[in-house]
Each structure stands twice: as C-alpha cells, then as structure tokens.
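Just below is one structure, and these are the notes that go with it.
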Amino acid sequence: MRGLIYKEFTVFCKCIDKKLILIAAAFSLLLLCKAGYYGGLMASVLLAMTVGMQNVMSFVSDDKARWQKYQMALPMSDMSVVASKYISVLCTLGVSLLGAGALNLASSVLYRNFDPVVWGLGAFAAVFLPLMWTGVCLPLTYWFGVQSAQVMGMLIVVPVFYFIKYFEDGSGFSAMAASLSSYLFLAGAVTVAAFGVSLLISAAGYARRREQLRQ
C-alpha cells in the first residue's frame, strides 16, 4: 500500500503543468495587488482549488498509461487500493498548506498587517477545499470515469470563482471573515465526515468496475 501511496503522490507532482503554475502565479499576484491584505487569503483559495483539481486530473495520466488494468491485477483489496488514493490526497494537503502560508505571509509583509482570523481562514481553505473537491469528484471517477469528475469539477469552480471575483477588492471581507470563523469547526467536521463517506462510496465503485472487467 505504501508503494501505491508513493505512486499517487509522485504522479500528482509530475502531472503539474508548468503553464498551470504560471497562470496560478499570475492570478495570485493579481489578487495580492487588487484585494489588498485579503489577497493572500483569496490566493490561498485559488491554490487549494488547484490542488483538489490536480488530484482528480492525475487519473488522466493513469488512463493514458492503462494503469487501471495493472492495478486491478494487484493482490490487494479494493479498499486498500482506493484508500491509497485518499491517503495521497491527505499528503498533498502539505503542499496546499505551505502555499497558503507563503501567500498570507507575502500579503502580511506587503501590507504590514497580521490578522489571525485571515490566516486561520487561509489554513482552513488550504485543507478543506481539496478535501471537499476530491470527496465529491473521486466517487464519480471510480463509478463513472474521470470525465464525469471533470464536469463536476467545473461546476464547483463556478461559485468559488464568483466568490473570489466578488471580494477581489477586499471590501466588506473583514466582517464576513469574522462571521465565518465561528462556523469553521462545524464545517470542518462535516467535510471530514463526508470525506470518509466518499472513501466508502469510491471503494464500492471500484469494486463494481473491477467485477465488470472480470466478466
């Protein structure tokens, strides 16, 4: 199982497109300039979305290499195979957290302001947006294929994009950040529980597809 976790994390890192990095960096700089001190937080949201998206997009590389046929021949249980993917998602949260810390630090230094609430929201977004993204898209991938997950991912992008667009000038964000902070624990607990349920659904979907290939 450790080998599969390493493989999933390595594919995640190697599949990162340089163009995607440049685009994300450009948007982050734009947010830092236009949103003021809150630009670091909103750039953290953008980074967290990218991490969640990349975890799903790694399935495209698996499809090109026809990895699934080899994977299904491994002497491992369905739950172990699927769990390795979910554990690799947890490993990628370190990338999201480090990026959020760097972006918020840059914003704090640039605007000479330090707000623990904003940093807390940045850390929350760095962890729970990828969990939410993969928690929704991975079951779709294991049941219906990566294309269905890509469509759902695009649907998730729309409200988050408008959220960033609406607050890109930073106006009114301070009061909203203070009110949101009181709901972090509840939202975090729900997201973690949903991530666990997602694992069970994905394992069932993987077992179903495995049986279909055997027939």
- Meets criteria (small (Gly, Ala, Ser), closer than 20 Å to Thr92 by Cβ and at pLDDT below 85) for Ala149: yes
- Looking only at region 100-147, which residues are open to solvent by 20 Å² or more (accessible area, probe 1.4 Å) and among the small types (Gly, Ala, Ser)? Gly101, Ala102, Ala106, Gly120, Ala123
- Item | Flag if Ala126 is hydrophobic (A, V, I, L, M, F, W, C) and under 17 Å from the mean Cα position of the chain (by Cα) | yes
- Note on the structure: Scanning region 80-99 residue by residue, those surrounded by 16 or more Cβ atoms within 10 Å (Cβ to Cβ) and either modelled with pLDDT under 85 or not β-branched (Val, Ile, Thr) (or both) turn out to be Ala83, Ser84, Lys85, Tyr86, Ser88, Leu93, Ser96, Leu97, Gly99
- Before we move on, is Ile16 aliphatic (A, V, I, L, M), open to solvent by 10 Å² or more (accessible area, probe 1.4 Å), out of contact with any strand residue (DSSP E or B) (no Cβ under 7 Å at 6 or more places or on another chain) and outside any helix (DSSP H, G or I)? yes
- Task: Inspect all residues belonging to region 116-131 and state whether any of them is under 22 Å from Ala187 (Cα atoms), in contact with a Lys or Arg (Cβ under 8 Å, 6 or more places away or on another chain) and part of a helix (DSSP H, G or I).
- Result: no
- Query: Is it the case that Gly52 is within 21 Å of Val136 (Cα to Cα) and open to solvent by less than 10 Å² (accessible area, probe 1.4 Å)?
  - Reply: yes
- Query: Here are Ala83, Ala24, Ala48: which of them is in contact with a Leu (Cβ under 8 Å, 6 or more places away or on another chain), among the aliphatic types (A, V, I, L, M), without any contact (Cβ under 8 Å) to a residue 40 or more places away in the chain and assigned to a helix (DSSP H, G or I)?
  - Reply: Ala24
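The values are calculated or read from the model by the stated rules, or taken from the named source; none is laboratory data. Being a predicted model, the structure only gives us computed values, none of them experimental. In this analysis, Cβ positions are derived from the backbone assuming ideal geometry, glycine residues included, and neighbour counts consider all displayed protein chains. Quick note on the areas: whole protein, heavy atoms, side chains included, nothing else; ligands and nucleic acids left out. Shrake-Rupley method; radii C 1.70, N 1.55, O 1.52, S 1.80 Å.
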